[in-house]
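Any read-out appearing in this document is the output of simple, stated calculations on the displayed coordinates, not a laboratory observation. Since we're looking at a predicted model, the values are computed, not measured. When we count neighbours, we look across all protein chains shown, and the Cβ atoms used for this are built from the backbone with ideal geometry, even at glycine.
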Amino acid sequence: MLLLPLAWLIFVHGWWFQMAAESQALLGDWIAHITYFPAFLFGFGLARSEPAIAAIARLWKVGAGLALLGYATILGIELGWPAGVAKPHWSIPPTASRMRLSNGAESSR
């Protein structure tokens, strides 16, 4: 229930479209379509599955705990990042990095 969707998200955002930003366009926002359409199909396929619903009902606390742990990890990294240390290139969305380069802010780091 958790590993397959998580593996898909890691594959799409970590390897396939690294740090690509969504445009929120109804047509043409391929990163969003590639990310969320399989999740929709996964949920649609599970909708009438009695064993899947029973497993979700049984493990929802574990899923909620993992979600909070993941959020706390990201929050801790963001809040604890040293002020004078530049963030890795892969952590900056492409539009923001292009804006910094065009403003000359990248050379000051």
Among 53-62, 33-42, what's the highest-first ranking by average C-beta atoms within 10 angstrom per residue?
33-42, 53-62
Taking a ≥ b ≥ c as the square roots of the eigenvalues of the Cα gyration tensor of the range 26-90, is the shape rounded (a/c under 1.5), prolate (a/b larger than b/c) or oblate?
oblate
For the pair residue 85 and residue 36, what calculated FRET efficiency results from E = 1/(1 + (r/R0)^6), where r is the Cβ-Cβ distance and R0 = 30 Å, to the nearest 0.05?
0.35
Simple spin-label model, 7 Å along Cα-to-Cβ: residue 15 to residue 29 in nm?
2.6 nm
Under 15 Å from the residue 46 label point (7 Å along Cα→beta-carbon), backbone N, the range 1-31:
1-9
List the pair-distance distribution P(r) of the range 5-45, using every Cα-Cα distance, as the percent of pairs falling in each 10 Å bin from 0 up to the bin containing the longest distance, rounded to whole percents.
30, 53, 17
